[in-house]
1. Tell me, what HN-Hα J-couplings in whole Hz come from the Karplus equation 6.51 cos²θ - 1.76 cosθ + 1.60 at θ = phi - 60° for each residue of region 106-112, using x for Gly and Pro?
2. Hey, what angle do you get for helix 655-665 against the long axis of the chain, alpha-carbon based, 0 to 90 degrees rounded to 10?
3. So what's the back-of-envelope 222 nm ellipticity for the chain, counting only DSSP H runs of four-plus at -39500 (n - 2.57) apiece and dividing by all residues, rounded to 500?
4. Using the Cα centre of the chain as the reference point, and only Cβ charges (+1 on K/R, -1 on D/E), how large is the resulting charge dipole? Debye, rounded to the nearest 20.
5. How many angstrom lie between the Cα centre of region 484-524 and the Cα centre of region 659-729?
6. How long are the three semi-axes of the equivalent ellipsoid for region 98-257, computed from the Cα gyration tensor as the root of 5 times each eigenvalue, in whole Å, largest first?
7. Kindly put L572, L561, L317, L23 in sequence by how many other C-beta atoms sit within 10 Å of each C-beta, fewest to most.
8. In region 545-690, what is the count of Lys pairs whose alpha carbons are under 14 Å apart, counting only pairs at least 8 residues apart or on separate chains?
Amino acid sequence: MKTNFFVLAFCFFATFVNAQDYLVEKVENPVDWVKPLMGTDSKPSMSNGNVYPAIARPWGMNFWTPQTGKMGHGWAYQYTADKMRGFKQTHQPSPWMNDYGQFAIMPITGKIRFNEDARASWFSHKSEKVNPHYYSVYLADHDVTTEITPTSRAARFRFTFPESDSSHVVIDALDMGSYVKVIPEENKIIGYTTKNSGGVPDNFRNYFIIEFDKEFTASHTFSGEEISEDLEVEAEHVGSVISFKTEKGEVINAKVASSFISYDQAELNLKEIGNDDFETVKEKGRKEWNKELSRIKVEGGTPDEVATFYSALYRSLLFPRKFYEYNAEGEVVHYSPYNGEVLPGYMFTDTGFWDTFRSLFPFLNLMYPELNANIQKGLANAYKESGWLPEWASPGLRNIMVGNNSASVVADAYLKTDGKFDYDIDLLYEALLNGANNEGPMTAVGRAGAEYYKDLGYVPYDVGINENAARTLEYAYDDFAIYQLAKKLNRPKEEIELYKERSLNYKKLYDPETKLMRGKKENGEFVEDFNPFKWGDAFTEGNSWHYSWSVFHDPQGLIDLMGGKKEFVDQLDKVFEMPPVFDESYYGGVIHEIREMQVADMGQYAHGNQPIQHMIYLYNYAGEPWKAQYWVRETMDRMYQPTPDGYCGDEDNGQTSAWYVFSAMGFYPVAPATDEYVMGAPLFKKVTVELENGNELIINAPQNSDSNKYIQKMELNGKNYTKNYLSHKELMKGAVIDIEMGDTPNKNRGTKKSDFPYSLTNEL
């Protein structure tokens, strides 16, 4: 009997182990695979995503999140926290940018406690349910379960209270100037918050309305640390506390909506809920997420791969955020975060183009071109209202990062859709020229050092403009995007040629001695004491080894500078072969991006930050595509997991997620504003992409496995295909891509010059 028991136990264990390795053949409800807590185990010194669980609708105007951090702290939710301070309506794009227009709701029992520390409650992830459309948690100190399910501009709350004659809900309108009014006869609270971290006009307010389905037994307001029975209060930091007598297990419902325009508009936004009860709103949210996530169906991946994919796809569908509303006539209107007026038309916000031009916006052009056309309308409005295109918007112009990458966002959208959508591209082109040739009202708007760049072809190191080499390299690519759009719009020949010529300015910073990009002084000499491992200084959140590859539009030109394909590949290889040494002196300490590179065990490759994320794909331009296939798969496998520490750095408004989504499909937009995607290695045995025009893109790779990461043979629509890239235009027609995968590189495929992706040099 003992022997039989041992055998049975062994068989059970073997079955369990094998269960961890099974492949998911079909995904019925992708929303169930999403892990919104992926990336939430982060802190300022080490980012594993730097995200919060965004309980929202796709691109929703308002998100909701459980709040473990203090009011005004960028790290609103940290996985390692054990106390909950409230449930916050949030518009935060990242912890570094912080929030605006936020307010919080918190149920409590017993003595009235409205201070954020006094009202806080212990909680556990064991009693937490987190989906994109639904959140639930048990608040142990109050014996209350809180549930949230949102629409785009409103939300339903459901509180399950214990038996108590002292059950309460705290509404905290936060500091910086706020207002609340309790209307007991309507079971309603109205108010506004002005809380923000910048980028707003002086008249900025977020107006909110909260309606309960149970009469209040008492009502209070507070100002600072003082509480009163007044029903209305306006001061620096105010809120309200409403009270109930509850039976054990009694459910109290609340409907919440807000508006950046007015209380009346907030009432209109509340109609998104209508007469729907909590479960109906929840189910509608689930259906909406399933609809969008099901646009890409994956088959034949491990459970972790499927969960990671749909979690990354969920993050790719959150930003940029809708910043527009519908008035009583059903017209699209918005409060302008630029001039403070209420104006007609679309507005989107909460995105940084330095990050998202690389793959998030190309992803929208592939999957959601109509949405991106509306985003372009919003950008046109931003230009009309501020005189500039935003490079980082939250919600208005913000002075962060470098480059003029709105050029890429505008050009890629128009070129990828062949001008089929009706928006004012001439106005947007005017905006691009304005940004390309002028310094803006802040260094991150327009081009810092514009006159130097136009005169010398680069931004000098020694004229008081920081991160000058990074600016130069990005300006050169941005000029390429303008050049591409100028050709499409049939602009004057001399104008087209100007931007074509300027797009080659990257060459001015190339140092043949080190085969790297290097800061250059105004007199034309390279900066002395060059340390390619020095972060910052001439570069942005990276070093020369990261930024030297920022020639998205002309890898062949970079190959020529380096002396040929072999030398180019050798330099690429060195990135992974070198130890993760660094010089942090520019920052005066080790910033989290440095630490994330150091611990990744991938040499100088810093996937946790954007400048080098495309670099892996550059092997395709030098005839060694198998190395791209290897490193793409390695990065997906090692740097992404569906866990609280599952990202390898800042997620950054969908960019790092979109990198994964593209890469898992098997291709990547190295150079937006061109027609091409560069090949990597697909992750799944099959991917089916439902394009917006009704066509399907199918990628079959039935031999895919952990070891089979190399492309042996590829067919496009039944014909042998040797190229290292795919055409956007051809994919939009619908396509079937059949890929034979193997465990050893095929060093004969994709090696001819005719197989290489686009480079500007090849058309000179």
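1. Each residue's phi maps through the Karplus curve to give 8, x, 9, 9, x, 4, 5 Hz.
2. For helix 655-665, the angle is close to 60 degrees.
3. For the chain, the value works out to -8500 deg cm²/dmol.
4. About 1940 debye.
5. 31 Å
6. 24, 19, 15
7. Ranking L572, L561, L317, L23 by Cβ neighbours within 10 Å, fewest first, gives L23, L561, L572, L317.
8. 4
Just so you know, all these numbers are worked out from the coordinates, no wet-lab data involved. These numbers come from a predicted model, not from an experiment. Heads up, the Cβs are rebuilt from the backbone with ideal geometry, glycines too, and the neighbour counts pull from every protein chain shown.
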